[in-house]
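Comments concern the structure below.
Nothing in this text is a laboratory measurement; each read-out follows from the coordinates by a stated rule. Because the structure is a prediction, the values reported are computed rather than measured. All Cβ positions, even for glycine, are placed from backbone atoms using ideal geometry, and neighbour counts span all protein chains on display.
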Amino acid sequence: KDVPQDHDEL
Amino acid sequence: MNVFRLAGDLTHLLSLVVLLLKIVATKSCRGVSAKTQELYAIVFVTRYLDLLFSFVSLYNSVMKVVFLGSAFSIVYFMRYHKVVRHTYDRELDTFRSSFLVAGSMVLALLINSKYTFFEVLWTFSIYLEAVAILPQLVMLQRTGNIDNLTGNYVFLLGMYRGLYILNWIYRYSTERRYWQMIVWVSGIIQTALYADFFYYYLKCWNENRTLVIP
């Protein structure tokens with residue numbers, strides 16, 4: 001999958 | 001946010017408190033790798049650039065600022081504090097950390113999910129964090145008796161990574177669109193690096209003696 005990842009972790 | 005993620009973040013925070021406490025209370029950074037601490041400062045700067053343009057939650061933003069602040073405080077104490085800097089074991093901290101930075105940057109340019117400036121830097125921070133503990137682990141092997149606070153600091157860091165893996169498993173099984181292969185693979189490698197340390201830490205703890213890494 002090449003969907004950009006959500007950066008919701010630290 | 002789930003209980004594993006929260007516990008992981010709090011463990012991470014606690015590890016930094018333990019390290020700062022050791023440095024401030026004992027006025028010494030004996031056994032602590034400045035190279036690892038500088039790598040963490042680079043990790044936080046490159047990952048948390050998004051403080052400037054993206055907002056996830058107040059919790060996230062506050063934690064990012066705290067992590068950045070603590071990383072720079074630790075580096076400041078180790079490199080510039082008039083007393084503490086003399087306790088830094090330079091000759092035991094010889095890992096070539098520049099190779100880790102270069103390798104992570106090359107990998108981030110090759111493998112990322114979006115070829116943009118901020119995404120590549122973010123990916124670089126994920127790869128660099130995975131290996132940033134190596135100078136510290138090598139230094140522990142060279143230091144004779146490891147004091148409790150330094151041992152606990154590394155133990156808490158390893159716990160934090162383990163809890164993040166549980167967080168990913170939980171999220172994968174409860175969220176519909178949750179997939180972050182780069183973070184997972186890097187995180188599993190990062191956690192695996194602690195296996196040896198954990199073995200000796202628990203062994204020494206069980207036998208009630210000072211931590212020594214053979």
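Tell me, please, whether a residue that is within 13 Å of chain A (Cβ to nearest Cβ), more than 18 Å from the chain's Cα centre (by Cα) and in a helix (DSSP H, G or I) can be found in segment B:204-211. Don't jump to the end; show me each part of the working.
Step one: of segment B:204-211, the residues within 13 Å of chain A (Cβ to nearest Cβ) are none.
No, because not a single residue in segment B:204-211 is within 13 Å of chain A (Cβ to nearest Cβ), more than 18 Å from the chain's Cα centre (by Cα) and in a helix (DSSP H, G or I).
Hey, can you tell me all the residues within segment B:18-44 that are without any contact (Cβ under 8 Å) to a residue 40 or more places away in the chain and either more than 13 Å from the chain's Cα centre (by Cα) or within 13 Å of another protein chain (Cβ to nearest Cβ) (or both)? I'd like the intermediate steps shown before the answer.
Start the filter on segment B:18-44 by keeping residues that are without any contact (Cβ under 8 Å) to a residue 40 or more places away in the chain, which leaves B:25, B:41.
Within segment B:18-44, just B:Ala25 meets the criteria.
What are the pairs, 6+ residues apart or on separate chains, where a residue within segment B:45-58 that is over 13 Å from B:Phe124 (Cβ atoms) has its Cβ under 7 Å from a residue that is of a type in the set (Gly, Ala, Ser)?
B:Leu51/B:Ser61; B:Phe55/B:Ser61
For the structure I just gave you, tell me whether B:Tyr194 is within 13 Å of chain A (Cβ to nearest Cβ) and touching a residue at least 12 places away in the same chain (Cβ under 8 Å).
Details: within 13 Å of chain A (Cβ to nearest Cβ): no; touching a residue at least 12 places away in the same chain (Cβ under 8 Å): yes.
The answer is no for B:Tyr194.
Quick check on B:Phe77: is it in a loop (DSSP other than H, G, I, E, B), crowded, with 16+ Cβ neighbours inside 10 Å and away from chain A (no Cβ under 13 Å)? Reasoning before the result, please.
Values: in a loop (DSSP other than H, G, I, E, B): no; crowded, with 16+ Cβ neighbours inside 10 Å: yes; away from chain A (no Cβ under 13 Å): yes.
Here the answer is no, as B:Phe77 does not meet what is asked.
Can you tell me which residue in segment B:172-190 is nearest to B:Ala132 (Cα to Cα), limited to those that are facing chain A (nearest Cβ under 9 Å) and touching a residue at least 24 places away in the same chain (Cβ under 8 Å)?
B:Val183
Quick test of your reading of the structure: B:His86 fulfils all but one of (1) within 13 Å of B:Lys35 (Cβ to Cβ); (2) out of contact with any helix residue (DSSP H, G or I) (no Cβ under 9 Å at 6 or more places or on another chain). Name the failing condition by number.
In the conditions (1) within 13 Å of B:Lys35 (Cβ to Cβ); (2) out of contact with any helix residue (DSSP H, G or I) (no Cβ under 9 Å at 6 or more places or on another chain), B:His86 misses (1) alone.
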